[in-house]
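Undergrad: The structure is given below, and queries will be raised subsequently.
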Amino acid sequence: MQYMLLVYEPADAYEGEGGEALLQDVVGRHMALAEELRAAGVQIEGAGLQGVETATTVLTGAGGRQTIHDGPFAETREHFGGYYVIDVPDLDAALAIARRVPGVEGTKIEVRPLIVHDQ
Amino acid sequence: MTAFGRAIAEARPRVVAALAARLRDLDQAEDAFAEAAAAALAAWPNQAPRDPGAWLWRAALRKALDARRRAAVRARLVPDAPEPPPTPEEALMAADEPIPDERLRLIFVCCHPALALDARAALTLKVVCGLSAERLARAFLVPEPTMLQRITRAKTKIAAAGVPFEVPSPAAWPERIEAVLATLEIAYAQAYEDAALAGDTAGFAAEVLRLSGLLAELLPDDPEVLALAALVRFAEARRPARLDDSGAMVPPHEQDVGLWRRDLIAAGVRLMDRAAGLGRSGPRQVLAAIHGAHLTRAETGATPWRDIAALYDVLLALRPTPVTAVNRAVAIGEAFGPDQGLAALAQVGPERLQAWLPYHAARAGLFAAAGEAVEARAALDAALALRPPPAERLYLERRRRSLG
């Protein structure tokens with residue numbers, strides 16, 4: 001089955017003194033995990049996202065009228081920071097990998113199966 | 001329950017688990033078992049066969065494979081039917097296998113931590129024990145449609161999220177067994193609450209008793225599993241003594257020990273002995289030891305409050321919850337006098353407990369023992385203001401009257 005691991009981090013995860021060094025450390029560990037998963041044939045794709053200050057949202061309103069907004073779709077204390085797409089036999093295998101995704105205190109990894117369309 | 005009903009209920013966990021392992025589908029497994037049980041009603045007019053489980057397994061597997069075959073025939077109208085259907089001959093051959101024991105895998109699926117705790121408890125009792133959604137709704141005090149939706153959602157998630165039908169890996173084992181134990185605890189808490197209510201939920205407690213015993217049989221080397229099974233037996237042993245003739249609650253240390261069920265006490269003691277021999281402590285063993293200590297009054301004539309207070313000290317370190325702290329204060333009050341009990345209670349943090357009835361009941365008992373009738377009455381009024389269920393209300397009102 002294919003699963004997406006969605007990485008949510010606290011909005012202030014890398015702020016303040018030592019934030020930049022912490023970020024470099026976490027990114028390095030993401031790279032190492034991704035490399036290992038690719039080599040094992042488990043990872044299909046994945047990426048980290050630039051900060052929410054770079055986000056732009058297209059909103060579809062009543063009657064299909066679309067408007068453009070600055071910022072992420074919702075102001076939350078956690079930001080969606082990146083994702084992995086993996087192919088593993090079952091949820092337990094996906095959860096075992098999700099546990100290994102690096103993060104700071106408060107990081108949440110949401111594990112969601114992908115919809116598979118029959119060929 | 002009739003002998004017929006008992007034979008079916010006893011066969012159910014093993015047969016449904018084997019069906020679920022084979023079919024990889026909880027709904028199909030349950031449906032096939034229900035059909036086989038209905039067929040058994042017609043096929044066993046006077047007495048059950050020598051091995052009802054084997055009969056039900058064969059009948060249910062045949063029905064399930066037939067249903068699959070029919071579905072596959074229908075699916076042939078669509079190009080590229082997914083898998084070749086089994087022929088009736090194959091179905092019969094498969095059914096001659098002995099029943100594989102897949103009960104543990106089924107329990108781990110139903111108690112997977114990816115499911116919400118209340119859904120796990122309901123699903124386990126539904127699938128493993130065969131309790132109806134209607135009966136579960138009554139036990140969990142929710143409307144039946146809510147219960148049905150809870151069960152359906154859990155089953156849908158198991159299928160859609162790819163929850164595996166497997167015993168967990170060693171690395172995941174501690175967390176997974178904890179999820180199973182927490183599920184059983186929720187189920188039993190529900191059954192225990194119901195003790196004071198009408199008898200229609202007594203069967204629910206019996207199912208939790210059976211389920212905890214089944215788990216102890218499947219995992220005889222896990223001391224916390226054994227302790228939980230012992231705990232349920234100790235608590236159930238006191239059930240016949242929990243209400244007096246007027247329907248009022250009777251606390252354990254005032255219960256008529258002649259009404260306690262010696263068979264369940266003995267079974268619980270055996271489980272605790274085995275758990276102790278494994279040499280790994282845990283909160284459920286301590287909790288079961290506390291229940292067991294209360295029951296020694298049947299032999300000695302006195303509740304060993306000092307032992308119980310010491311056990312609560314240990315439990316508080318393992319499970320620092322307000323419930324533990326309040327119960328510990330009561331035991332300290334009985335063992336060392338009400339002043340020490342009140343001092344222990346004062347440490348709990350009363351602001352968190354204002355809406356919690358046992359806190360006020362405990363305070364009332366300690367103040368009354370200390371001769372502080374005014375404070376005791378106020379605490380009882382606070383307890384009664386929280387609208388306790390009838391059995392507890394009768395008990396608290398009687399204590400209120402005794403204080404004048």
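Undergrad: Suppose we filter the stretch B:296-308 for residues that are surrounded by fewer than 22 Cβ atoms within 10 Å (Cβ to Cβ) and in contact (Cβ under 8 Å) with a residue 12 or more places away in the chain; how many remain?
TA: 6
Undergrad: Determine which member of the set B:Ala355, B:Ala378 is in a helix (DSSP H, G or I), surrounded by fewer than 18 Cβ atoms within 10 Å (Cβ to Cβ) and not basic (Lys, Arg).
TA: Being in a helix (DSSP H, G or I), surrounded by fewer than 18 Cβ atoms within 10 Å (Cβ to Cβ) and not basic (Lys, Arg) holds for just one of B:Ala355, B:Ala378, which is B:Ala378.
Undergrad: Would a scan of the stretch A:64-75 turn up a residue that is touching a residue at least 12 places away in the same chain (Cβ under 8 Å) and within 14 Å of another protein chain (Cβ to nearest Cβ)?
TA: Scanning the stretch A:64-75, I find no residue that is touching a residue at least 12 places away in the same chain (Cβ under 8 Å) and within 14 Å of another protein chain (Cβ to nearest Cβ), so the answer is no.
Undergrad: Right, something else. Kindly list the number of the only condition in (1) over 17 Å from the mean Cα position of the chain (by Cα); (2) more than 14 Å from chain B (Cβ to nearest Cβ); (3) in a helix (DSSP H, G or I) that fails for A:Val26.
TA: All conditions pass for A:Val26, except number (1).
Undergrad: Any idea which residue in the stretch A:82-119 is surrounded by the most Cβ atoms within 10 Å (Cβ to Cβ), counting only those that are in contact with a helix residue (DSSP H, G or I) (Cβ under 9 Å, 6 or more places away or on another chain) and away from every other protein chain (no Cβ under 14 Å)?
TA: A:Tyr84
Undergrad: Would you point out which residue out of B:Leu117, B:Leu123, B:Leu148, B:Leu141 is closer than 22 Å to B:Arg12 by Cα and surrounded by fewer than 19 Cβ atoms within 10 Å (Cβ to Cβ)?
TA: Unique residue meeting the criteria: B:Leu148.
Undergrad: Going by the structure shown, is B:Ile107 surrounded by 19 or more Cβ atoms within 10 Å (Cβ to Cβ) and modelled with pLDDT under 90?
TA: In short, no.
Undergrad: Follow-up question, since we're still on this one. Output yes when any residue across the stretch B:213-222 is buried (at least 20 other Cβ atoms within 10 Å of the Cβ) and either among the basic types (Lys, Arg) or within 16 Å of the chain's Cα centre (by Cα) (or both), and no when none is.
TA: Yes, the stretch B:213-222 has at least one match.
Undergrad: State all residues of the stretch B:111-132 that are hydroxyl-bearing (Ser, Thr, Tyr) and over 25 Å from A:Arg112 (Cβ atoms); if no residue qualifies, say none.
TA: The answer is B:Ser132, and nothing else.
Undergrad: While we're on this one: Suppose we keep only residues that are in a helix (DSSP H, G or I) and within 16 Å of the chain's Cα centre (by Cα) within the stretch A:36-52. Which one would you say is farthest from A:Ile97 (Cα to Cα)?
TA: Looking at residues that are in a helix (DSSP H, G or I) and within 16 Å of the chain's Cα centre (by Cα), I get A:Val52.
Undergrad: Now for a different question. So which of B:Glu217, B:Glu166 is within 14 Å of another protein chain (Cβ to nearest Cβ) and over 19 Å from B:Val286 (Cβ atoms)?
TA: B:Glu166 is the lone residue from the list that is within 14 Å of another protein chain (Cβ to nearest Cβ) and over 19 Å from B:Val286 (Cβ atoms).
The values are calculated or read from the model by the stated rules, or taken from the named source; none is laboratory data. In this text the structure is predicted, and so the values were computed from the model without any measurement. So basically every Cβ, Gly included, is an ideal-geometry build from the backbone, and we count neighbours across all protein chains shown.
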